[in-house]
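The values are calculated or read from the model by the stated rules, or taken from the named source; none is laboratory data. All values reported here derive from a predicted model rather than from experimental measurement. Cβ sites come from the backbone with ideal geometry, for glycine too, and all protein chains shown count toward neighbours. Note: areas computed on protein heavy atoms with side chains; ligands, DNA, RNA excluded. Shrake-Rupley method; radii C 1.70, N 1.55, O 1.52, S 1.80 Å.
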Amino acid sequence: MDGMLVIISGPSGSGKGTVVKRLPSQNGYALSISVTTRKPREGELHGRDYFFTTEQDFITMRNENELLEHAVYVGNYYGTPRKYVEEQIAKGKIVVLEIEVYGALQVKEKFPSAVLIFLMPPTLPELANRLRTRGTEDAVTIDARLKKTLEEIPLINRYNYLVINDLVPSAVEKINAIVEAERMRPFRCMAEIEAFTESKTSQL
Ligand code: 5GP
């Protein structure tokens, strides 16, 4: 099957990370690891959660066209390394980018067939509560992230799908179902169509 790009966005605290990590690995998902200038949180690992870098190195990567997209989010730079994405798509993988909306829209411009999924918690108070109980950010940062969420909501209609993350297993199931259906779009199945025609004619 042809490779494809799946973008998952959603407010900080919407559970994107948890949901993305639970996508069934046997289905050929490849999770892209972003570059960021944000400081690692407790428990985060360089090369697993992010490639943590300096502002100067980030700007160099951007200028050398090593990033597929990039954006500033609450005072830090974030970007997707281009090479990994291109290599994995060429191998037929489903490449998953967990990125914010402005980066997602940049990718959609370059790859119009990318599938954009917005993951949203059921309510804003629930989101605020998740962010506060997570305890990874101070009050000022939480406030800035909630404001950012309100900025992102009007852009949801640029996405292909909206998934409400009330329960993680159900959100994982819905995203996997979307991807499975998207994989069956004829324009993504050129190899299968060609194989069918070839086998048929040789048997005639
Ligand atoms: P966090 O600091 O909570 O890990 O991420 C903050 C926001 O940046 C989240 O919305 C996350 O999806 C987004 N993000 C993470 N990596 C990238 C990236 O490579 N590009 C863009 N545009 N956003 C990213």
Item checked: Qualifying lysines (Cα of each under 26 Å from Cα of LYS16; at least 8 residues distant if same chain) -> LYS39, LYS83, LYS91, LYS93, LYS108, LYS110, LYS147, LYS148, LYS174
Notebook entry, point to check: Which semi-axis lengths, in whole Å and largest first, follow from the square roots of five times the eigenvalues of the Cα gyration tensor of the range 83-159?
Noted result: 29, 15, 11
Check: Which one of ARG38, ARG22, ARG48 has the biggest mean-square fluctuation once the chain is modelled by GNM with Cα springs under 10 Å?
Finding: ARG48
Next item on the list: Could you work out the Rg to Rh ratio of the chain, with Rh taken as the Kirkwood radius (inverse of the mean 1/r over all Cα pairs)?
Entry: 1.01
Item checked: Percent carbon-and-sulfur accessible area, the range 14-159, ignoring ligands, DNA and RNA, probe 1.4 Å -> 53 percent
Check: For the range 1-102, what is the convex hull volume of its Cα atoms per residue in Å³?
Finding: 105 Å³
Notebook entry, point to check: In µm²/s, what is D for the range 94-204 at 25 °C and 0.890 mPa s, where D = kT/(6 pi eta Rh) by Stokes-Einstein and Rh is the Kirkwood radius from Cα pairs?
Noted result: 145 µm²/s
Margin query: Using DSSP to call loops (not H, G, I, E or B), can you name the chymotrypsin sites (Phe, Trp or Tyr not before Pro) in the range 96-204 whose Cβ has at most 12 other Cβ atoms within 10 angstrom?
Written below: none
Notebook entry, point to check: Is it possible to state the helix-based mean residue ellipticity at 222 nm for the chain, with each DSSP H run of 4+ residues giving -39500 (n - 2.57), the sum divided by total residues, to the nearest 500 deg cm²/dmol? What is it?
Noted result: -13500 deg cm²/dmol
Note to self: If packing is taken as the average count of other Cβ atoms within 10 Å, what order do 172-178, 5-11, 93-99 fall into, highest mean first?
What the structure shows: 5-11, 93-99, 172-178
Notebook entry, point to check: Computed FRET efficiency, Cβ-Cβ of GLU192 and ALA139, R0 45 Å: what is it to the nearest 0.05?
Noted result: 0.25
Next item on the list: Using 0.36 nm per residue of separation minus the Cα-Cα distance, give me the extension gain between SER25 and ASN157 in nm, one decimal.
Entry: 44.6 nm
Check: Quick one: accessible area per residue over the range 141-204, 1.4 Å probe, rounded to a whole number of Å²?
Finding: 66 Å²
Next item on the list: Consider just the alpha-carbon atoms of the range 75-127 and return their Rg together with their Dmax, both in angstrom.
Entry: 13.6, 42
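Pulled fully out, how much extra length does the chain show between THR60 and ARG82, if you take 0.36 nm times their separation in residues and subtract their Cα-Cα distance?
Values: separation 22, 0.36 × 22 = 7.92 nm, distance 1.39 nm.
Gain on stretching THR60 to ARG82: 6.5 nm.
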